[in-house]
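J.: Take this structure first; my questions come after.
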Amino acid sequence: MSPSPTAAQASSLHDWLMSDRPASRRQAALGRAYASWRSFARNRLALLGLAIVIALVLVAVFADVLAPYSAYTGDLRTTRLLAPSPAHWFGTDDQGRDILSRVLVGSRITLTVVVLVAVLAAPLGLLVGTVAGYAGGWVDAVLMRVTDVFLAFPRLILALAFVAALGPGIANAALAIAITSWPPYARIARAETLQIRQSDFIAAVQLLGASPWRIVWRHIMPLCVSSVIVRVTLDMAGIILTAAGLGFLGLGAQPPMPEWGALIANGRMYVLDQWWVAAAPGAAIFIVSLAFNLLGDGLRDALDPKDGQ
């Protein structure tokens, strides 16, 4: 029995993507992406982490629709500190507000912090690391000593110092976390650049007259992106915990914003009798942090070029 047209097309596409001799840059790029996805998909825990992260994004986007009650108002007389029930799945807090609704809306704040830190810290670290690794000499020494200064302090302590200087607020908290998060990415990018700059294709590009900035921007940085992406994903758990720590101390999102760390801080006074006030946001932080760690492990296995050596 001959294979169906759909199966034949799928097999043909597979052979085209996995070709050892791609006919174009597009085919080579798609082939690398397909091979990375096949490697990633074999890791079931990584797929679980990806599913949770996708669910976080969807919850953050549709939080206002999914939340059964208002996340900012409650009834002190009738719904204060109610235990979990069919009416309030996660119970209510000391202001009579539905905790499930506040956790759902709070996911938007957490995702905002994660995206802001990734957008600010990763490109900065990548730029500093590639420039330092390719330039060498005094440029490398100066940039790496600045990096060492940031690495000498614990991230949370340094973030507290920056937030104290900038003032409390979710935007300032995200900026402070970004300022303290870029050094590891710079270290990784520099290590990758030190290896890449000795390659034959870099020597060929130099002989063609390409400027140092063009070599760094067009030829070195793209090769360092995968390692930085893996490190950023693995760091997301730490970023979320740092943001929650700032919120817990009152230096992150300000009331009545339902940031997860602030929700835990609000529930610490009732942790013995009304445990659900702090348990729900704590469980959310744990699940999302675990998901990013699982996703990062899967990406490391799929994107690490040394994995198969």
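The values are calculated or read from the model by the stated rules, or taken from the named source; none is laboratory data. The shown structure was predicted, so the numbers you read here are calculated from the model rather than taken from an experiment. Using ideal geometry, Cβ is built from the backbone for each residue, glycine included, and neighbour counts are taken over all protein chains shown.
J.: Might you let me know whether the range 218-236 holds any residue that is within 26 Å of residue 100 (Cα to Cα) and either charged (D, E, K, R) or touching a Ser or Thr at 6+ places or on another chain (Cβ under 9 Å) (or both)?
T.: Yes - at least one qualifying residue is present in the range 218-236.
J.: Before we move on, is residue 141 over 23 Å from residue 263 (Cα atoms), in contact with a Leu (Cβ under 9 Å, 6 or more places away or on another chain) and of a type outside the set (Val, Ile, Thr)?
T.: no
J.: Among what's in the range 92-136 and is of a type in the set (A, V, I, L, M, F, W, C) and in contact with an Asp or Glu (Cβ under 7 Å, 6 or more places away or on another chain), pick the residue that is nearest to residue 169 (Cα to Cα).
T.: 109
J.: Tell me yes or no: at least one residue of the range 146-155 is more than 21 Å from the chain's Cα centre (by Cα) and crowded, with 18+ Cβ neighbours inside 10 Å.
T.: No, the range 146-155 has no match at all.
J.: Something else now. What are the residues in the range 44-91 that are of a type in the set (A, V, I, L, M, F, W, C) and either over 22 Å from residue 110 (Cβ atoms) or touching a Ser or Thr at 6+ places or on another chain (Cβ under 7 Å) (or both), if any? Give the derivation first.
T.: The first filter runs over the range 44-91 and keeps only residues of a type in the set (A, V, I, L, M, F, W, C), leaving 45-48, 50-63, 65-67, 71, 76, 81-83, 87, 89-90.
Of everything in the range 44-91, those that are of a type in the set (A, V, I, L, M, F, W, C) and either over 22 Å from residue 110 (Cβ atoms) or touching a Ser or Thr at 6+ places or on another chain (Cβ under 7 Å) (or both) turn out to be 56, 59, 60, 63, 67, 71, 76, 81, 82, 83, 87.
J.: Can residue 199 be described as within 26 Å of residue 301 (Cα to Cα), crowded, with 22+ Cβ neighbours inside 10 Å and among the polar types (S, T, N, Q)? Full working, then the answer.
T.: Values: within 26 Å of residue 301 (Cα to Cα): yes; crowded, with 22+ Cβ neighbours inside 10 Å: no; among the polar types (S, T, N, Q): yes.
Criteria not met by residue 199.
J.: (1) within 19 Å of residue 215 (Cβ to Cβ); (2) at pLDDT 90 or above: which one isn't true of residue 107, the others all being true?
T.: (1)
J.: I'd like to know if the range 47-69 contains one or more residues that are within 30 Å of residue 259 (Cα to Cα) and modelled with pLDDT under 80. Reasoning before the result, please.
T.: Filtering the range 47-69 for residues within 30 Å of residue 259 (Cα to Cα) gives 47-69.
Still in the running and modelled with pLDDT under 80: none.
No, because not a single residue in the range 47-69 is within 30 Å of residue 259 (Cα to Cα) and modelled with pLDDT under 80.
J.: Checking residue 273 against (1) of a type outside the set (Phe, Trp, Tyr); (2) assigned to a helix (DSSP H, G or I); (3) surrounded by fewer than 19 Cβ atoms within 10 Å (Cβ to Cβ): exactly one of these is not met. Which one?
T.: (2)
J.: So which of 239, 264 ends up being touching a Phe, Trp or Tyr at 6+ places or on another chain (Cβ under 8 Å) and surrounded by 21 or more Cβ atoms within 10 Å (Cβ to Cβ)?
T.: 264
J.: Using the structure shown, decide if residue 96 is part of a loop (DSSP other than H, G, I, E, B), surrounded by 15 or more Cβ atoms within 10 Å (Cβ to Cβ), of a type outside the set (S, T, N, Q) and on the phi > 0 side of the Ramachandran plot.
T.: So residue 96 passes the test.
J.: Can you name the number of the only condition in (1) of a type outside the set (Phe, Trp, Tyr); (2) exposed (fewer than 14 other Cβ atoms within 10 Å of the Cβ); (3) touching a Cys at 6+ places or on another chain (Cβ under 7 Å) that residue 115 fails?
T.: (3) is the only condition that residue 115 fails.
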